[in-house]
Amino acid sequence: MRYEELTIEGRNAVLEAFRAGKTIDKVFVLDGCQDGPIKTITREARKYDTIINYVAKERLDQMSETGKHQGVIAYAAAYEYAQVEDILNLAKEKNEPPFVLILDNIEDPHNLGAIIRTANLCGAHGVIIPKRRAVGLTATVAKTSAGAINYTPVAKVTNLSSTIEELKEQGMWFVCADMGGEVMYKLDLKGPIGLVIGSEGEGVSRLVKEKCDFVASIPMKGDIDSLNASVAAGVLAYEIVRQRMSV
């Protein structure tokens with residue numbers, strides 16, 4: 001297993017981390033703050049014998065990576081990345097065909113967090129990201145995911161193309177998002193599928209795109225030529241959901 005140190009900021013993110021059973025070493029709470037959400041967090045902290053430090057706002061501001069700590073910051077012992085096999089096993093446990101999001105060089109933490117949130121809500125079994133040229137599981141990602149990071153497995157792999165090949169050998173199909181592809185409504189997106197989303201600047205890289213079975217586009221009716229990466233992921237993911245529900 002691989003681990004990455006994780007700072008968790010914001011009330012929802014910290015509370016969901018406790019509820020999901022994450023190991024939290026310390027919680028830093030705004031001194032004098034006694035509202036409902038903070039009381040709930042401190043109650044959870046005491047339940048797990050987590051150290052609680054009451055500190056001034058200036059201290060929280062200095063510690064914060066996002067600038068939006070909402071009066072609470074938690075230090076997790078570590079964040080555990082899933083293995084790709086964990087994602088497939090989750091699909092088996094649910095008796096569902098695998099549904100995975102693969103992110104090619106997504107460098108904006110807000111995009112990654114939003115995509116993890118979408119993956120959780122649309123029923124995807126996990127997210128796969130590359131080791132290089134991509135954002136990892138930072139505090140901003142955790143906060144933007146609104147707690148989904150605690151429930152949706154995220155695997156980090158050395159080579160996306162090789163990973164896609166290995167998953168295809170296990171019966172999965174892959175569709176990548178690209179403006180030059182066929183309109184998504186015309187494609188059969190049912191069954192065990194991986195949705196590949198590229199960065200906003202460069203899109204899906206050539207090598208990864210060549211490994212995909214389909215290229216899907218989203219109909220555009222406006223004056224600009226592309227959607228935010230996380231929005232595109234949401235639109236395509238829910239087209240997959242729509243088709244699955246129609247079976």
- Note on the structure: A chain fully extended from Asn228 to Arg242 at 0.36 nm per residue, minus the present Cα-Cα distance, gains in nm 2.9 nm
- Under a point-charge model restricted to the Cβ atoms of Lys and Arg (+1) and Asp and Glu (-1), what is the dipole moment magnitude of segment 77-179 relative to its Cα centre, in debye to the nearest 20? 280
- Task: Sort the following peptides by mean Cβ neighbour count (other Cβ atoms within 10 Å, averaged over residues), highest first: 26-34, 193-201.
- Result: 193-201, 26-34
- Query: Roughly how tilted is helix 36-47, in degrees to the nearest 10 and between 0 and 90, from the longest Cα axis of the chain?
  - Reply: 80
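What order, most packed first, do the peptides 202-210, 90-98, 13-21 have when packing is the mean number of other Cβ atoms within 10 Å of each residue?
Packing proxy ranking, top to bottom: 13-21, 202-210, 90-98.
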- Message: Give me the net charge for the shell around Asp31: Cβ to Cβ below 11 angstrom, other residues only, Lys and Arg +1, Asp and Glu -1.
- Response: +1
- Message: Please report the spacing between the Cα centers of segment 122-194 and segment 45-78 in Å, no decimals.
- Response: 31
- Of the listed pairs Lys143/Lys186; Lys68/Lys92; Lys22/Lys94; Lys57/Lys156; Lys94/Lys211, those with alpha carbons more than 32 Å apart are Lys143/Lys186; Lys68/Lys92; Lys57/Lys156
- If you project the alpha carbons of segment 115-236 onto their three principal axes, what span does each projection cover, largest first, in Å? 38, 35, 27
- Message: Can you tell me the length gained on complete extension of the stretch Asp213 to Tyr185, counting 0.36 nm per residue apart and subtracting the Cα distance?
- Response: 8.5 nm
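Summing Lys, Arg as +1 and Asp, Glu as -1, what charge do residues with Cβ under 10 Å from the Cβ of Gln70 carry, Gln70 excluded?
Working: positive: Arg11, Lys68, Lys143; negative: Glu9.
Combined, the nearby Lys, Arg, Asp and Glu give +2.
From the P(r) of segment 3-80, can you give the percent of Cα pairs sitting at distances over 15 Å?
On the way: 1435 of 3003 pairs.
Within segment 3-80, distances greater than 15 Å cover 48 percent of Cα pairs.
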- Item | Residue among Leu187, Ala119, Ile218 farthest towards the positive dipole end of segment 84-245, charges placed on Cβ | Ala119
- In debye, nearest 20: dipole of segment 1-98 around its Cα centre with unit charges on the Cβ of K, R (+) and D, E (-)? 380
- Task: Please report Ser161, Ser226, Ser145 as a ranked list, fewest other C-beta atoms within 10 angstrom at the top and most at the bottom.
- Result: Ser226, Ser161, Ser145
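Taking the Cβ-Cβ separation of Arg133 and Gln34 as r and a Förster radius of 51 Å, what is the calculated FRET efficiency to the nearest 0.05?
On the way: r = 44 Å, r/R0 = 0.87.
Calculated transfer efficiency: 0.70.
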- Task: Could you pull out every Cys in the chain that lacks a partner Cys with its beta carbon under 4.7 Å away?
- Result: Cys33, Cys122
- From largest to smallest, what semi-axes in whole angstrom does the chain give when each is the square root of 5 times an eigenvalue of its alpha carbon gyration tensor? 35, 19, 16
- Message: With +1 on the Cβ of every Lys and Arg and -1 on the Cβ of every Asp and Glu, and nothing else charged, how large is the dipole of the chain about its Cα centre, in debye rounded to the nearest 20?
- Response: 620
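Just so you know, all these numbers are worked out from the coordinates, no wet-lab data involved. Remember, it's a predicted structure, so these values are computed and weren't measured experimentally. Please note: Cβ atoms are built from the backbone with ideal geometry, for glycine as well, and neighbour counts cover all protein chains shown.
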